[in-house]
Amino acid sequence: MPKNIRHVFADVFELPVEAVSALPVITLTGQVDMIVENYGGIIEYSDTRIMLNTATGIIKIEGIELDIKYMNSQCVTIKGVINNFCFEK
Amino acid sequence: MAIWNYFRGYVIIKASGLSAGKFINMSAFYGVNIWDIENDGKYYFIKADIRDKDELKEISRKSGCRTEIVAYKGLPCVLKQMRRKSAYVFGAFAFVAAIYALSGFVWTVSVEGNYRVSTNDIKNFCRQKGIYPGNLKSKINTELISNGIIAEFEDVGWAAVNIKGTKATISISETIPKIEIIDNSLYCDIISETDGIIESITVINGTPLVRANDVVKKGDVIVSGVLDIKDGEEIKGQKYVKAEAYIRAVTVHNVFFQVDMTENEKKYTGKKSKGIEIYAFEKKIDFSTPFGYDKFDKTEGYSFGLNIGEYNIPFGFKIYNINEYTINQKKLSQQEAEKKAADFLSAYKEEHFGMEDYVLSEDIKSNIKDNKLEYKVTITVSQTIGETKTR
């Protein structure tokens, strides 16, 4: 897989990849709380499914009673029972 | 975060239409903090900072989304509403002020650590010195009162007055009980307190002047406090002591009393009513005296009064139950009169005879005269006699 120039830069200077590129950072606390940083907007939002646009593609989160607890330009916090999430191109 | 949002104030926005998602994304993109985004299938409900309200309107216009502010929430909104309802604000301040003012008083007084000294005695003393429900805490000098308690009560060795909140606690520690010291240097005789025949006499100290079966009159010396010091038959000197003895004698008591054969009997007519009495401080307004009742009984049925701790607020009212009655004269039968007489006799015996005394015989003569039952009773009793008399 050819490396992006930003990844090379991060490797050379030993910097966190997400700091130099727009890659999403996903923090999952158990099954109940997910924080997605570096996202590019909400594509779909319902009780059972949330789709977020990111630099690496769409993140599809599925679960029960999903709720966007907080959002700003940098991150979005999702609460509820998260059953699964995946990247879609 | 939630509590901070509450203090800063926030709005709930209802977003609808196809571009509602665009509105949310644009809000985030423009740096507007939004939270608790809910989707009920038809509308999106979004919470946002109250200060971003205008910016959200602009975003709404740009995104083409229909938005509506459905609620203003948080402390600034509550305060704004309060400004319109000045009575509430005044009430809240008055409540706080009342609580503050009332906390400056003592409302309950308790005493702990006392066994021999009565709680009421201590409370009464403290009341005189200023510790009582309803008095200002600032007026109470706890050190002075603690020292006062120690000085006033002999049995108290240590005392402390603590005021915590509105409660004054008087803690005391009692001294070891004093042993009663009998002064044997005071010499005295034992004299008879009644007429009788000596049954037995046991002398612990002193010179007996009577023997068993001797007749004694009231005031006669039974045991003398003078001891003769003898050398054979010759009296060499005298020693004065405190006479002590256990003496039993047979005594006779004549009792005469009359029982009236007619008795006043209370009979309720069945006429009832209720009355109220209102009181404020020392004043009483009595509405409980009924009209048209000749004789009546007044019993307290319900009373209402408020108190703070042990302090009774001097306002309230009492409701009385009033029952009318008439007095009927009832003639007692001989049996009923004799029963009353027997009750009177047993009350007499309880009053005059002790636990160690027992009745030897009882001679009762009764007759009815002038509608009265006359009782003449002669009671023969074996009882302890003798009282000390100092010389």
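Bear in mind these aren't lab numbers, they're just calculated from the coordinates by the rules spelled out. Computed from a predicted structure; not experimentally measured. Cβ atoms come from the backbone with ideal geometry, glycine included; neighbour counts cover every protein chain shown.
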*B:TYR302 versus A:ILE35, label points 7 Å from Cα toward the beta carbon: distance in nm?*
6.2
*Please state, rounded to one decimal and in Å, the Kirkwood hydrodynamic radius that segment B:108-174 gives when every pair of distinct Cα atoms enters the mean of 1/r.*
11.6
*Taking Rh as the Kirkwood radius computed over C-alpha pairs, what is the Stokes-Einstein D of segment B:130-263 at 20 °C in a medium of viscosity 1.002 mPa s, expressed in µm² per second?*
102
*For the protein assembly as shown, state the average projected area of the convex hull of the C-alpha atoms over all orientations, rounded to one decimal in nm².*
56.6
*Consider just the alpha-carbon atoms of segment B:188-247 and return their Rg together with their Dmax, both in angstrom.*
12.3, 36
*Once you put a point 7 Å from the Cα of B:TYR246 and another 7 Å from the Cα of B:GLU58, both along the Cβ direction, what distance in nm separates them?*
11.2
*Take the Cα atoms of segment B:60-107, build their convex hull, and give its volume per residue in Å³.*
102
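Equivalent-ellipsoid semi-axes (√(5λ), Cα gyration tensor) for segment B:2-79, whole Å, largest first?
In descending order, the three semi-axes are 21, 13, 11 Å.
What do you get when you divide the Cα radius of gyration of segment B:244-290 by 2.2 N^0.38 Å, with N the number of residues?
Here the Cα radius of gyration is 2.78 times the empirical estimate.
In what order do A:MET71, B:MET26, B:MET355 fall by count of nearby beta-carbon atoms within 10 Å, going from fewest to most?
B:MET355, B:MET26, A:MET71
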*Once the principal axes of the Cα atoms of chain B are found, what is the range along each, listed largest first in whole angstroms?*
140, 69, 41
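First obtain the Kirkwood hydrodynamic radius of segment B:262-331 from its Cα pairs, then insert it into the Stokes-Einstein equation at 37 °C and 0.692 mPa s, and state the resulting D in µm² per second as a whole number.
235
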*Please report, largest first and rounded to whole Å, the three semi-axes of the ellipsoid equivalent to segment B:232-391, where each semi-axis is the square root of five times an eigenvalue of the C-alpha gyration tensor.*
54, 32, 11
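Provide the gained length on full extension for the span B:THR202 to B:GLU387, in nm with one decimal, where the gain is 0.36 nm per separating residue minus the Cα-Cα distance. Intermediate values should be presented prior to the final figure.
Details: separation 185, 0.36 × 185 = 66.60 nm, distance 1.44 nm.
Computed gain between B:THR202 and B:GLU387 is 65.2 nm.
Once the Cβ-Cβ distance between B:ALA101 and B:VAL70 is put in as r, and R0 is 51 Å, what FRET efficiency do you end up with, to the nearest 0.05?
Taking R0 as 51 Å, the efficiency between B:ALA101 and B:VAL70 is 0.75.
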_Three principal axis lengths of segment A:23-88 [C-alpha, angstrom, descending]_ = 26, 21, 18
*Calculate, axis by axis, the spread of Cα positions in segment B:206-312 along the three principal axes, and write the results as whole Å, longest axis first.*
90, 51, 18
